[in-house]
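Okay, handing you the structure first.
The values are calculated or read from the model by the stated rules, or taken from the named source; none is laboratory data. Computed from a predicted model, the values in this text were never measured in an experiment. Neighbour counts run over all protein chains shown; Cβ positions are idealised from the backbone, glycine included. Just the protein is used for accessible areas: all its heavy atoms, side chains included, with ligands, DNA and RNA removed. Shrake-Rupley method; radii C 1.70, N 1.55, O 1.52, S 1.80 Å.
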Amino acid sequence: MLSKETQDRLCSEAQKAKQNSYSPYSKFRVGAALLTKSNKIYTGCNVENASYGGTICAERTAFVKAVSEGEKTFIAIAIAADPEEFVSPCGFCRQFMREFGTELIVYFTTPSGKSEVHTLKELLPFSFGPENLESK
């Protein structure tokens, strides 16, 4: 687990990232903050598209930004949305995050500052990953 200070910082960054959401269709704003092994935080927000299929979630935005900057090892991600109930990553994002391992710590956070923590392994049991494609 992360220190309380790091967890609070990560959740705060996710809440800030949510402010940049481009969600004119669903009006459902989401922000994410991704902590790398090198202790950098990459943020992302959801970016909707009129064709819907072109929409990218906040979690994937943060991962793509980090990977495009050379990061490949991740510690934790915080996810923020507007409702006071916890919002978890969609199935597509869970599988996308799984590419980088199952031990990722995932924080759900609310505008009032409540949070809940899980591992990606808990959110995506019996997952399929890169090791399943290795030649035996």
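Just for the chain, what percent of DSSP beta bridges are antiparallel, to the closest 5?
Of those bridges, close to 75 percent are antiparallel.
Taking Rg and Dmax of the Cα atoms in Å as the quantity of interest, determine which of [x] 14.4, 49; [y] 32.7, 103; [z] 15.5, 47 was computed from the displayed structure.
[x]
While we're on this one: Give me the count of lysine pairs in region 1-128 whose alpha carbons sit under 20 angstrom apart, restricted to pairs 8 or more positions apart or on different chains.
18
Pick from Leu123, Leu104, Leu34: which is most flexible by mean-square fluctuation in a GNM of the chain where alpha carbon atoms under 10 Å apart are linked?
The residue that fluctuates most here is Leu123.
Here's another thing I want to ask about it. For region 18-109, what is the accessible area per residue in Å², given a 1.4 Å probe and the full set of protein chains?
On a per-residue basis, region 18-109 sits at 47 Å².
Keeping the other protein chains in place, figure out the carbon and sulfur percent of the accessible area of the chain, with a 1.4 Å probe.
Result for the chain: 55 percent of the exposed heavy-atom area is carbon or sulfur.
Show that you can apply the helix-only estimate: for the chain, add -39,500 (n - 2.57) for every DSSP H stretch of four or more residues, divide by all residues, and state [θ] at 222 nm to the nearest 500.
-8000 deg cm²/dmol
Same structure again: In percent, how large is the relative contact order of region 1-108, given Cα pairs closer than 8 Å and 6 or more residues apart?
Normalised by residue count, the contact order of region 1-108 is 25 percent.
Using +1 on the beta carbon of Lys and Arg, -1 on that of Asp and Glu, and nothing else charged, what's the dipole of region 4-134 about the Cα centre, debye to 20? Walk me through the intermediate numbers first.
Numbers: 15 positive and 16 negative charges, 54 e Å.
Around 260 debye, computed over region 4-134.
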